[in-house]
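Chemist: One structure follows; several queries about it will come next.
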Amino acid sequence: MASVVASATGCGGKDEDTDTTTDDGTPEVVRSEVPLRVGIIGANFIGDSVAESLRIAWQSIGVSDLEIQAVDGDRSTAADEAAVLELAKQCDVLLSPNLMIADLSLTEAVDPPSGKVLDDLDKDWLPAIRSTLAKYGGKAIAMPVGSPRPVQLGPREIGGSSASGEDDRTSQLPQDTSPLPQTWEEYDAFVADTCQGKAAEPTAAGWAAWMFLLRLPRKTGQWLFDLQTTQALLADDEKVETLEQMKATVDRYVAGPRTPDSIWQSILAGSLRGGIGMPGTGEGDLSGAPNLALDAIPGDASQSMGLLDPLSPVCVITKWCRQSRLARTFASWISGGSGSESLRNLLPAATVVRSTASGEPSDYERELVRQLTKPRTLPTFRIRRGWDYYVALDTAIGRCLNDNADAATVLGEAAKQWDQWTESFDADTQQRALRRSTGLRA
C-alpha cells in the first residue's frame, strides 16, 4: 500500500522525479483533500457499476476521493472522439480501451509516465502487457489495467458421447492433462460430436471480431494492414477461409450469439457441455467443477506470437492533470499495485498484469498469465480511429455469422470502409500510427 502523509492538496509539480516508491513500485504520495478526477472512456464495456467498483477498491488506499465522469462506448459502439477529448480536458487520469491510444497520443492529450516509478514497473509487467499495452512507438504511454482472454472449457473425459448418443470413450485423463482440442478443426469436431451442439463461443455484438482475430494465423509485418501503403489486408484467401470455418462451427451451436461470461456460467451450470468463454468477477476457479478441463483456445499452442484484446483497458495521465503525484499513485495502483487485488474481484476487465501479482491465482489466471508471458505480440487497432475500424470488422463478421452473408463479400466491404477512412486522414497520419503500433518511433 502507498505510504501516506497529510497535506491540503497533494498537488504535484517540479518535484515529480523525486518521488520515492514502495517495494512494489507504488509511489509514496501525500494525502489530498481534493478529489482525483477520473474519466472513463466506454464505461459500458469496462464493467457494470464501474464507478462504484472503483470507489470501493480505492478506499483501501485512503488518499483521496474520486470524482468520476464517463462517456459512452462499448464493444460494438465507438465512443465519440470530440466527447473523449472534452472528457480528457476535465480529468487527471483516463481509463481507456487500448485502441484509443493512437487518438489520445496524436491529439497530445496524454502525459506519458516517467521516472523511477516507470523504471520499477517496466521490469514487473508481464511481457505481452509491456509491449502491447504499456508502450506505443517504443515509449511508455499507459499503465495497463488488464487484458481478459477467452479460454476453452469442456469435459475432462476423453471423447464423450458420439453423434449417435452412445458413449464411445469415457476413460478419464490425469487431472493435469487437457483433453480439449488443439486445432480449430478438432474444435469443430468436438462441438459436433462431444458436445452435440451444446457449446458456444463469444459471437455477441462486439465479440465476434475478437474471436475472428484469435482464429487467424499470426504473422509479423503484413497482417491486417500493409505497413507501406496502409491498405487494408482483410479479404485475402486465408482470412476468407478462416471466416468460413468459423461460420461452419457457429452453425453447429444450439445457442445463439453469447457473451464470454454467459458461456462460462452456462458450462459450469451444465446447460452447455463446452466451448470458449471467460469468467465474470470472482468466477475463475474450477475447484468446484472437477469434471471440467480448462485450456487455451485452439491453435494458441502453435502460435509463437501473442494477441491481446484490442479493448484491453489502460490508464493514462492527461496533460491537464492538476495532481501529478496522486494521479501517478492511482495509475500505478490500478496497474496491479498493492491494494488493487480487490479491484480484480469487482471489475471483469481488470486482470493480473504483473509478474509479481500477489494472492493465489485461479485456474483461469494461471492460463491467462501463460498467454501474457509471450514476449512477442501482434498489435491490433492502435491506429487513428481504431475503435471505428474494430466496430466495422465486428459488424461484418456478425453479418456473416448471423445473417448468412458471404464471407468474402463482408470482408471485402469492411476492407473498403477501412481504406476510405485511411484516405480521409493526412497522407502520413495512419502510416505513422501503424508504425508506432509495431514499436517503431515513426
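The values are calculated or read from the model by the stated rules, or taken from the named source; none is laboratory data. Note that the structure is a prediction, hence the values are computed from the model and not measured. Backbone-built Cβ (ideal geometry, glycine too); neighbour counts: all protein chains shown.
Chemist: Does region 208-222 hold any residues that are among the basic types (Lys, Arg) and either in a helix (DSSP H, G or I) or crowded, with 17+ Cβ neighbours inside 10 Å (or both), and which are they?
Modeler: Answer for region 208-222, where residues must be among the basic types (Lys, Arg) and either in a helix (DSSP H, G or I) or crowded, with 17+ Cβ neighbours inside 10 Å (or both): ARG215, ARG218.
Chemist: I'd like to check something: does region 389-401 contain any residue that is in contact with a Pro (Cβ under 8 Å, 6 or more places away or on another chain), farther than 13 Å from GLU244 by Cα and surrounded by 16 or more Cβ atoms within 10 Å (Cβ to Cβ)?
Modeler: Yes, there is a match, as at least one residue in region 389-401 is in contact with a Pro (Cβ under 8 Å, 6 or more places away or on another chain), farther than 13 Å from GLU244 by Cα and surrounded by 16 or more Cβ atoms within 10 Å (Cβ to Cβ).
Chemist: Something else now. If we scan region 417-425, do we find a residue that is within 20 Å of ARG218 (Cβ to Cβ) and either surrounded by 16 or more Cβ atoms within 10 Å (Cβ to Cβ) or modelled with pLDDT of 95 or more (or both)?
Modeler: Looking for residues that are within 20 Å of ARG218 (Cβ to Cβ) and either surrounded by 16 or more Cβ atoms within 10 Å (Cβ to Cβ) or modelled with pLDDT of 95 or more (or both), one finds at least one in region 417-425, hence yes.
Chemist: I want to confirm something. Restricting to region 172-207 and keeping residues that are in a loop (DSSP other than H, G, I, E, B) and charged (D, E, K, R), which single residue is modelled with the lowest pLDDT?
Modeler: ASP176
Chemist: Looking only at region 377-394, how many residues end up being at pLDDT 85 or above and part of a loop (DSSP other than H, G, I, E, B)?
Modeler: 5
Chemist: Another question, if that's okay. Given the structure, is ALA350 within 19 Å of the chain's Cα centre (by Cα), closer than 23 Å to GLY206 by Cβ and either in a loop (DSSP other than H, G, I, E, B) or at pLDDT 90 or above (or both)?
Modeler: Yes: the conditions hold for ALA350.
Chemist: Among the residues that make up region 73-89, is at least one of them under 30 Å from GLY277 (Cβ atoms), surrounded by 21 or more Cβ atoms within 10 Å (Cβ to Cβ) and out of contact with any strand residue (DSSP E or B) (no Cβ under 8 Å at 6 or more places or on another chain)?
Modeler: yes
Chemist: Which numbered condition trips up ALA407, out of (1) under 15 Å from the mean Cα position of the chain (by Cα); (2) among the aliphatic types (A, V, I, L, M); (3) closer than 25 Å to ALA78 by Cα?
Modeler: (1)
Chemist: Could you check, for region 59-70, whether at least one of its residues is more than 28 Å from the chain's Cα centre (by Cα) and modelled with pLDDT under 75?
Modeler: no
Chemist: Could you identify the single residue in ARG436, ARG370, ARG382 that is surrounded by fewer than 21 Cβ atoms within 10 Å (Cβ to Cβ), within 24 Å of LYS123 (Cα to Cα) and under 20 Å from the mean Cα position of the chain (by Cα)?
Modeler: Exactly one of ARG436, ARG370, ARG382 is surrounded by fewer than 21 Cβ atoms within 10 Å (Cβ to Cβ), within 24 Å of LYS123 (Cα to Cα) and under 20 Å from the mean Cα position of the chain (by Cα), namely ARG370.
Chemist: Additional query: Among the residues that make up region 17-37, is at least one of them at pLDDT 80 or above and under 20 Å from PRO113 (Cβ atoms)?
Modeler: yes
Per-residue answers, yes or no, for (1) among the polar types (S, T, N, Q); (2) out of contact with any strand residue (DSSP E or B) (no Cβ under 6 Å at 6 or more places or on another chain); (3) farther than 19 Å from SER147 by Cβ:
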{"site": "TYR253", "(1), (2), (3)": "no, no, yes"}
{"site": "TRP264", "(1), (2), (3)": "no, no, no"}
{"site": "LEU268", "(1), (2), (3)": "no, yes, yes"}
{"site": "GLY277", "(1), (2), (3)": "no, yes, no"}
{"site": "GLY280", "(1), (2), (3)": "no, yes, no"}
{"site": "ASP285", "(1), (2), (3)": "no, yes, yes"}
{"site": "GLY288", "(1), (2), (3)": "no, yes, yes"}
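Per-residue answers, yes or no, for (1) in contact (Cβ under 8 Å) with a residue 60 or more places away in the chain; (2) out of contact with any helix residue (DSSP H, G or I) (no Cβ under 8 Å at 6 or more places or on another chain); (3) assigned to a helix (DSSP H, G or I):
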{"position": "VAL84", "(1), (2), (3)": "no, no, yes"}
{"position": "ALA88", "(1), (2), (3)": "yes, no, yes"}
{"position": "CYS91", "(1), (2), (3)": "yes, yes, no"}
{"position": "LEU95", "(1), (2), (3)": "yes, no, no"}
{"position": "LEU104", "(1), (2), (3)": "yes, no, yes"}
{"position": "LYS123", "(1), (2), (3)": "no, yes, yes"}
{"position": "ARG130", "(1), (2), (3)": "no, no, yes"}
{"position": "LEU133", "(1), (2), (3)": "yes, no, yes"}
{"position": "SER147", "(1), (2), (3)": "yes, no, no"}
